[in-house]
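Engineer: This structure is in structure tokens; I'll ask about it shortly.
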Amino acid sequence: MMEEMFNHSGALNRSSVLEDIDVSADGTPILRILISVVYSVVCAVGLVGNLLVFFLMRLRQGRKRSTINVFIINLAVTDFQFVLTLPFWAVDTALDFSWPFGDAMCKIVLSVTVMNMYASVFFLTAMSVTRYLAVASALKKKAHRRSRCVKWVCAVLWVAATVATAPTAVFSTVTVVAGEKLCLLKFPEGHDWLALYHIQKILIAFIIPMLIVSVNYLMLLRFVRQRSMDSSNPKRRSRVTKSVAIVVLSFFCCWMPNHAITFWGVLVKFNAANWDTSYYMVHTYVFPVTVCLAHANSCLNPVLYCLMRPEIRKMLRGFLSVWMGCIADSHRVRFFFAPRRRKAQSVVCFTVTTKL
């Protein structure tokens, strides 16, 4: 589609083409179908993973309320809302980026997608700060006050994500390009709005959070290393080091390729890099893969920030054992009793389940 626009429309200059390439770069049908399948899989896995986080945090909330658990719940909310938008993008990709849902849904879906991207990154950053403060601080008496402050912090982060999404909510619309209805950002002409928009996203959603996350986790490793050397506990240092390495690398690997190609587009927009075939090919075939990788972060977050914690894994094993016991008892009831006596089966399942 972009090649057709570039070759047959003399009125379109390079700037106007770049404003559309972010969403209308065409690829082979196989690639589009593959991306749609990936979106669907990420949506299904993300829904199950984040619902499981809600359930486990609900069980744990009655036992122990902590700052990090509040952030985990808010992170699960952002990721849950984020994956709900993926079916729309899967259909959009399968239809060769032709948006069939109307202008209102374009504005809503695009705004929700971007807002939850910002919110997810903000909560990941807040959790890195919280983990360092929780380990390095010995002020246990102020735990109650911190639990009240964390609600205000979450509110501020949601407001910040909403403000960062304002340009998307204002300028997102359905635009007809080369006879196709596309859901994209349409900025006023004569200004480098798109480049500034991408610079904001790169700085606020990647570079600054990455620096904060890296600094806090490096200080956490330094603190744990000093304590483990004093107490001769190398296992704790190894466990924390591995956890921190996985968190930082997953955040970097999921988001860096997408923001790197986006920054390349900014350089092209400001004539600091050349518009050529390599840029078009990368944006057509590699950029959609980086988007899938960034979306996959919503599936990794429940595993990295919840299921990797020993106490949460213990709760999950207990839940699965009870659930499997319920299924096993149901089979035993069907084996030993006649099909007409299904009431006994329900009683067994109910009895086992209530032990949770």
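Engineer: I'd like the FRET efficiency for A155 and V48, computed as 1/(1 + (r/R0)^6) with the beta carbon distance as r and R0 of 25 Å, rounded to 0.05. Could you put the intermediate results ahead of the total?
Structural biologist: Values: r = 28 Å, r/R0 = 1.13.
It comes to 0.35.
Engineer: List Y118, Y132 from most exposed to least, where exposure is judged by having the fewest other Cβ atoms within 10 Å. Working shown, then result.
Structural biologist: Values: Y118 23, Y132 20.
Ranked by crowding around the Cβ, least crowded first: Y132, Y118.
Engineer: Quick one: length gained pulling I33 to V289 fully straight, 0.36 nm per residue minus the C-alpha distance? It would help to have the intermediate numbers written out before the result.
Structural biologist: Numbers: separation 256, 0.36 × 256 = 92.16 nm, distance 1.22 nm.
My answer for the length gained is 90.9 nm.
Engineer: Additional query: Give me a comma-separated list of calculated 3J(HN,Hα) values for the stretch 254-260, in order, Karplus coefficients 6.51, -1.76, 1.60 applied at θ = phi - 60°, integers in Hz, x for any Gly or Pro.
Structural biologist: 6, 9, 4, x, 5, 6, 5
Engineer: Another question, then. Out of residues 5 or more away from V177 or on other chains, whose amide H comes under 5 Å of its own, with H placed 1.01 Å from N in the peptide plane?
Structural biologist: L182
Coordinate-derived values only; no laboratory data. Note that this is a predicted model, so its numbers are computed, not measured. FYI the Cβ positions are ideal-geometry reconstructions off the backbone, even for glycines, and counts take in every protein chain you see.
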